[in-house]
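We did not get these values from a lab; they are worked out from the coordinates using the rules stated. Remember, predicted model here, so these are calculated numbers, not experimental data. Don't worry about glycine lacking a Cβ; one is built from the backbone with ideal geometry, like all the others, and counts go over all protein chains shown.
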Amino acid sequence: MAALKIKKGSNKHSAYNLRPTFSDVQESHTLAMRVDNEPGVLARVIGLFAGRGYNIESLTVAEVDHLGHQSRITIVTTGTPQVIEQIKAQLGRIVPVHEVHDLTVEGAAVERELGLFKVTGSGEKRVEALRLADIFRANVVDSTLESFVFEITGASEKIDAFADLMRPLGLVEVARTGVAALSRGAE
């Protein structure tokens, strides 16, 4: 019988190790950055994502310091831990970016999103839509004989759940702001 020799380390993809490695795990991260409020900054940030094939799941931008002419960009993206680190490093190298924070790893954070939902219907569907809106603490911001527009704030999962329940009741249009987030605590 001939002995089979296998070089040490030659079989990196063993059938016995089927768990995903650390580098295979996709994670969702919320990144917040302070940038100069000037033309082209958002295009440069988005260009970094587009040029490298990174996905943006949510994006919000607003001026937060009128005197200093600075804005805050909040981006929710998904990738492996190595990709997330690469994104943060590359964002930090863009000249008008002053700071980049990964709120997902820096500690507890508060994340909220605003959604507007137009729901049409009559009879029992209309009553049910109002009942669900009350349960979700959604506000009626417009009402006609044929439709409602609901406003709801909360975590993205809450917005998703509200949309799923409103679909069979006559949901015709949705507008969402994207995630706005702040770290918790004094710092």
* **Zone of GLU157's modelled label, taken as backbone nitrogen in the stretch 25-45 under 14 Å from a point 7 Å along Cα→Cβ** => 28
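Before anything else, pin down the relative contact order of the chain: Cα pairs under 8 Å, at least 6 apart, normalised by residue count, whole percent.
Result for the chain is 24 percent.
Select from the stretch 70-105 those trypsin sites (Lys or Arg not before Pro) which occupy a DSSP coil region and have at most 15 other Cβ atoms within 10 Å, ordered by residue number. Provide the component values of the computation, followed by the final result.
On the way: sites: ARG72, LYS88, ARG93; in loops: none.
Of the trypsin sites (Lys or Arg not before Pro), not one in the loops of the stretch 70-105 has a Cβ with at most 15 other Cβ atoms within 10 Å.
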* Asked: Which of the peptides 48-57, 162-171 is most tightly packed, and how do the rest follow, judged by the mean count of other Cβ atoms within 10 Å per residue?
  -> 162-171, 48-57
* To do: Give the relative contact order (percent, whole number) for the stretch 73-181; include only Cα pairs under 8 Å separated by 6+ residues.
  => 36 percent
